[in-house]
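None of the figures in this text is laboratory data; all of them are computed from the coordinates on show. Quick caveat, the model's predicted, so the values are computed rather than measured. Ideal geometry is used to build each Cβ from the backbone, glycine not excepted, and the neighbour counts take in all protein chains shown.
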Amino acid sequence: MQKQKLLGSRSLILVALLLAALALFPSMASRYYIYLVALMMVTGLLATSLNLVLGYGGMYQFNHAVFYGVGAYAAALLTVRGGVNPWWGYLLGPVVAAALSLLMGLICVRLSKLYFGMLQISLGSLVWAVVFRWYSFTGGDDGMHGVPVPRLIGSIDGAYYFVLIVTVVCLAVMYLIVNSPFGRVFQSIRDNPERAEAIGVNVRQHQLVGLVIAGFFGGVAGTLFVTVEGSVFPDMLFWTLSLEIIIMCLLGGWFTFLGPMLGGGMVVALRAVVGIYTDYWTMVLGIILMLLIFFLPEGVLGFFTARLGRGRAVREGD
Amino acid sequence: MLSVQHLRKSFGPFLAVSDANLIVEQGEIVAVIGPNGAGKTTLFKLVTGQLKPNRGQVVFKGQDIAGLSPHRVCRRGLSLSYQVVSVFPRMSVFENVRVAVLARRRQVLRLFTPAVRLAGEETWEILNNVGLADKAGLISGTLSHGDSKVLEMAIALGNRPELLIMDEPTAGMSPEETRAAMGLIQRLNGDMGITILFCEHDMELVFNLAQRIMVMRQGKTIAQGTCDEVRCDENVQQAYLGGHGDA
């Protein structure tokens, strides 16, 4: 029996090269590009956290932005209104997001696909409305600005490295999770929930655990956003962002691990470029989505891994 | 080992199973036969928890399991191989079986141990046993129908069942595949001591494999006994074997 490994040597080298490039990036780039790449990582992490349930669990989570926003708001509110040390805020933000995810999951997980998604949208909108209207506490539609950030990561370089480290650690943990027995069984539920139940899996419990994990990492992405921007606003929880995160997953490739990371990065970069020329960003996004569905249903990374895989098979066939 | 008494299930006004009775003893191979629509698949789904009965008892190893959810039934040692192929199509053949082994070992909630380190040997053993080892790396959605049916069985075996229920295990198989599947079923029963309950339209297969047969018609059990008893039973001859001439 051939011993199976978690990561091939070629992928390890690629990952190492990419990390080295990212680590050196701030010494070569301007402030704006450092900010942009940090934001790409945050958004990529957000998309990857959604993909845990979307691509691996087959659950159409339509309110993922809520956990992003709640993570960010929790960290900001704890720091500003609670007077807590910002580091504690960063730690507790994701926990609050995970707790909310558990609560919503308990309500939604009994329902099948379409109803699951619809109830999620309504519950998510509820949270958004509270944040949007509660001026005295959340700052309402103005959001909160000038959220204190620890001095160590107060500069743009510091924030960048903090984001880089946290993102890498989170990706590593999520990679472990999707390749764990939990992740494998989650995939089997995605493929065929009825059969998964029949082989002795408690499907709902499994889905609930998946939702909590996704909510947690969505919350981490939210707190990272606070470090980069120093502010939070209600748009972070709005359902259009949830949709955008789904598009990121589809764009990058939702059946691959790093696809959503790529998709998130691409959307941030595109928005930055498109934003120079036009205000109609959502229209551009709509066109991208249409092209994607017609021409790249497996996403960019999915497309290339399929090509690569086929090439390898052909070579082995010779 | 398994005893089904007066089981009844209706879907709205339609009575799929009206009075099913069945006894399976440890170590046996038991077949359920009956014309299309007799309620065989419904009976199996009732036994394995996919459907909840309106009335009646399903006693497995001394405990009533009627109405338990499928994963609970499965954990008691009762596993179902489906009539319509029901595998995990985007996953490899190997992973299809591995998840079943992981589920049986109750390791499904482990978050940080790589799955590649778990359940490998047992999975290989099952794949070797059923003859799918050379296709272990293929994505299961790309398998031929015959191989998919074998994978069906392999997944069910991953649960290491005491009682394996198979809904038309050879449906749609070529004659060679059917012969191989028959050999496999006999080995599972003989070498591994798995009790087997199956239904099948192929009468040759039924009379070759089964030690006892239960006959259903219009949702009712009309006879149960050894092959000879069933063959000679008047009710059966009238209602099924002779009456329709399609057996």
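If you build a Gaussian network model of chain A, linking Cα atoms that sit under 10 Å apart, which residue out of A:196, A:75, A:38 swings the most?
With Cα springs under 10 Å in chain A, the top fluctuation among A:196, A:75, A:38 is at A:196.
Once the Cα gyration tensor of the protein assembly as shown is diagonalised, what are the square roots of 5 times its eigenvalues, in whole Å and ordered largest first, as equivalent ellipsoid semi-axes?
54, 26, 19
Compute the FRET efficiency between residue B:112 and residue B:90 as 1/(1 + (r/R0)^6), taking r as their Cβ-Cβ distance and R0 = 30 Å, and round to the nearest 0.05.
So, using R0 = 30 Å, E works out to roughly 0.80.
Separation of the range B:1-22 and the range A:44-95 by C-alpha centroid, Å?
Their Cα centres are 50 Å away from one another.
Which of A:205, A:120, A:187 moves the most in a Gaussian network model of chain A with Cα springs under 10 Å?
Judging by the Gaussian network model, the answer is A:205.
Taking all pairs of distinct Cα atoms, average 1/r, flip it, and tell me the Kirkwood hydrodynamic radius of chain B in Å to one decimal place.
Computed over Cα pairs of chain B, the Kirkwood hydrodynamic radius comes out at 18.6 Å.
Looking only at other chains, what is the average number of their beta-carbon atoms within 10 angstrom of each beta-carbon in A:168-180? Mind showing how you got there, number by number?
Details: counts 0, 0, 0, 0, 0, 2, 0, 1, 4, 3, 2, 5, 13.
Whole-number average of other-chain Cβ neighbours for A:168-180 is 2.
Please report the relative contact order for the range B:87-159, taking Cα pairs under 8 Å with a sequence separation of at least 6, and give it as a percent rounded to a whole number.
55 percent
Say each of residue A:14 and residue A:133 gets a label point 7 Å from the Cα, pointing the same way as Cα to Cβ; how far apart are those two points in nm?
4.9 nm
Give me a single rounded figure for B:68-74: the average over its residues of other chain Cβ atoms within 10 Å of their Cβ.
Per residue, the number of nearby Cβ atoms from other chains is 5 on average.
Please compute the Kirkwood hydrodynamic radius of chain A from all pairs of different C-alpha atoms, in Å with one decimal.
Kirkwood hydrodynamic radius for chain A: 20.3 Å.
Which of A:236, B:173 has the fewest other C-beta atoms within 10 Å, and how do the rest follow up to the most?
Going from sparsest to densest Cβ surroundings: B:173, A:236.
Once phi is turned into θ = phi - 60°, what whole-Hz ³J(HN,Hα) does the Karplus curve with 6.51, -1.76 and 1.60 give for every residue of the range B:219-235, x standing for Gly and Pro?
Karplus values, whole Hz, x for Gly and Pro: x, 10, 7, 10, 6, 8, x, 5, 4, 5, 4, 5, 4, 8, 5, 5, 3.
How high is the relative contact order of the range B:8-137, in percent, counting Cα pairs under 8 Å that sit 6 or more residues apart? Don't skip to the end; give the middle numbers.
Working: 100 pairs, mean separation 20.2, N = 130.
That works out to 16 percent.
Please turn the phi angles of the range A:30-42 into ³J(HN,Hα) values with the Karplus equation 6.51 cos²θ - 1.76 cosθ + 1.60 (θ = phi - 60°), one per residue in order, whole Hz, x for glycine and proline.
7, 3, 4, 6, 4, 4, 5, 5, 4, 5, 4, 5, 4
Which whole-Hz ³J(HN,Hα) couplings does the range A:174-186 yield from phi under the Karplus relation 6.51 cos²θ - 1.76 cosθ + 1.60, θ = phi - 60°, glycine and proline marked x?
After applying 6.51 cos²θ - 1.76 cosθ + 1.60, I find 5, 5, 4, 5, 5, 9, 8, x, 4, x, 4, 5, 4 Hz.
Rounded to a whole number of µm²/s, how large is the Stokes-Einstein D of the range A:94-191 at 10 °C and 1.306 mPa s, given Rh as the Kirkwood radius over C-alpha pairs?
Details: Rh = 17.1 Å.
Answer from the Stokes-Einstein relation: 93 µm²/s.
Roughly how tilted is helix B:175-190, in degrees to the nearest 10 and between 0 and 90, from the longest Cα axis of chain B?
Between helix and principal axis, roughly 90 degrees.
If packing is taken as the average count of other Cβ atoms within 10 Å, what order do B:211-217, B:192-198, B:230-236 fall into, highest mean first? Display every interim value, and only then the final one.
On the way: B:211-217: 22.1, B:192-198: 20.0, B:230-236: 16.3.
With the highest mean Cβ count within 10 Å placed first, the list reads B:211-217, B:192-198, B:230-236.
Would you order B:33, A:199, A:177 from fewest to most other beta-carbon atoms within 10 Å of each residue's own beta-carbon?
A:177, B:33, A:199
Rounded to two decimals, what is the ratio between the C-alpha radius of gyration of the range A:168-298 and 2.2 N^0.38 Å?
The range A:168-298 yields a ratio of 1.22.
Over chain B, what is the percentage of antiparallel beta bridges among all DSSP beta bridges, to the nearest 5? List each step's numbers first, then the result.
Working: 21 of 39 bridges.
Of the beta bridges lying entirely in chain B, close to 55 percent run antiparallel.
Who wins for biggest fluctuation among A:300, A:84, A:209 in a Gaussian network model of chain A, springs between alpha carbons below 10 Å?
Per the Cα network of chain A with a 10 Å cutoff, A:84 tops the list.
Report D for the range B:87-159 in µm² per second (integer): Stokes-Einstein, Kirkwood Rh on Cα pairs, 37 °C, 0.692 mPa s.
Values: Rh = 12.0 Å.
Rounded, D is 273 µm²/s.
Do any trypsin sites (Lys or Arg not before Pro) in the range B:89-149 lie in a loop, going by DSSP, with at most 14 other beta-carbon atoms within 10 Å of their beta carbon, and if so which?
Numbers: sites: B:90, B:98, B:104, B:105, B:106, B:110, B:117, B:135, B:149; in loops: B:90, B:105, B:106, B:110.
Answer by residue number: B:106.
Over all Cα pairs of the range B:165-217, how is the pair count split among 5 Å bins, expressed in % and running from 0 up to the last occupied bin?
Over the range B:165-217, the share of Cα pairs per 5 Å bin runs 4, 18, 34, 27, 12, 4, 0 percent.
Note down the Stokes-Einstein diffusion coefficient of the range B:9-115 in µm²/s, whole number, using a Kirkwood radius over alpha carbon pairs, 4 °C, and 1.567 mPa s.
81 µm²/s
Counting only DSSP beta bridges with both residues in the protein assembly as shown, tell me the antiparallel percent, nearest 5.
Roughly 55 percent of the DSSP beta bridges within the protein assembly as shown come out antiparallel.
Mind checking the mean number of beta-carbon atoms from other chains within 10 Å of the Cβ atoms in B:152-162? Kindly include the intermediate steps, with their values, before the conclusion.
On the way: counts 1, 0, 0, 5, 3, 0, 2, 3, 0, 0, 0.
Neighbouring Cβ atoms belonging to other protein chains average 1 per residue here.
Only loop residues by DSSP count here, and only those with at most 13 other Cβ atoms within 10 Å; note down the chymotrypsin sites (Phe, Trp or Tyr not before Pro) in the range B:55-145 that meet that.
B:112
Can you tell me the Rg and Dmax of the range A:1-107, counting just the alpha carbons, in angstroms?
For the range A:1-107, the Cα-based Rg and Dmax read 18.1, 59 Å.
Of A:134, A:239, how do they rank once you tally other Cβ atoms within 10 Å and put the fewest first?
Ordered by Cβ neighbours within 10 Å, fewest first: A:134, A:239.
Return one number: the angle in degrees, 0 to 90 and rounded to the nearest 10, between the long axis of the Cα atoms of helix B:120-130 and the longest principal axis of the Cα atoms of chain B.
40 degrees
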